[in-house]
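Worksheet: the structure to be examined is printed underneath.
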């Protein structure tokens, strides 16, 4: 397992100052806490560090972390992805909200002519409601985040890479897509699944049961 230079520096600082908070680590490395979040996620996910609530990070001294890391890297998105909840961009906001809660998801993915065109989250719906939007008259396409600003993964990517994208972009799920030929667009994608925080959590639980 090869760690980045900053990850090595984080481990060194934790060994010297444990327990140490993310805020303290960010100060010593002269970066923001947000910038450290992916590195700390990797180091805790692989068992190198342990995060103690209201205390900070400590060095776990577990010798098997590289095996855990390799295991996660070898599991592909297609092995753990779930079914996406998809609506057309002409769907009214009210109906989209009903879909969201009936399916108990945090994000709806929006398509048009079979292609992924956007995504809308609970936060987007909340902002829309606070802005006085008539939910029965406004289509979800008006309030969604549009492509190409949607972060996505492909089915052959690793679950590890998907987890890092979820952490870095602070979203609850990502669409799993497959590139398709479209004469009118340089890049067009069809949504074939989704991977969420829940999928990643279930994977970690499964790892624990099999260890």
Return the residues of region 179-197 that are closer than 21 Å to residue 120 by Cβ and either in contact with a helix residue (DSSP H, G or I) (Cβ under 8 Å, 6 or more places away or on another chain) or at pLDDT 90 or above (or both); say none if nothing qualifies. 188, 189, 190, 191, 192, 193, 194, 195, 196, 197
From the residues in region 32-59 that are in contact (Cβ under 8 Å) with a residue 24 or more places away in the chain and surrounded by fewer than 14 Cβ atoms within 10 Å (Cβ to Cβ), which one is farthest from residue 165 (Cα to Cα)? 55
In region 72-85, is there at least one residue being modelled with pLDDT under 95, more than 29 Å from residue 187 (Cα to Cα) and surrounded by fewer than 13 Cβ atoms within 10 Å (Cβ to Cβ)? no
Exactly one of 9, 16, 23 is part of a helix (DSSP H, G or I) and surrounded by 15 or more Cβ atoms within 10 Å (Cβ to Cβ), and that one is 9
Picking from 187, 157, 170, the residue that is within 26 Å of residue 36 (Cβ to Cβ) and surrounded by fewer than 15 Cβ atoms within 10 Å (Cβ to Cβ) would be 170
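On the given criteria, is residue 163 in contact with a strand residue (DSSP E or B) (Cβ under 9 Å, 6 or more places away or on another chain), within 15 Å of residue 76 (Cα to Cα) and at pLDDT below 95? Show your work before the answer.
On the way: in contact with a strand residue (DSSP E or B) (Cβ under 9 Å, 6 or more places away or on another chain): yes; within 15 Å of residue 76 (Cα to Cα): yes; at pLDDT below 95: yes.
So residue 163 passes the test.
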Looking at (1) surrounded by 12 or more Cβ atoms within 10 Å (Cβ to Cβ); (2) modelled with pLDDT under 75, which is the only condition residue 203 fails? (2)
Enumeration of residues in region 12-29 that are in contact with a helix residue (DSSP H, G or I) (Cβ under 7 Å, 6 or more places away or on another chain) and farther than 13 Å from residue 56 by Cα: 28, 29
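The values are calculated or read from the model by the stated rules, or taken from the named source; none is laboratory data. Note that this is a predicted model, so its numbers are computed, not measured. Using ideal geometry, Cβ is built from the backbone for each residue, glycine included, and neighbour counts are taken over all protein chains shown.
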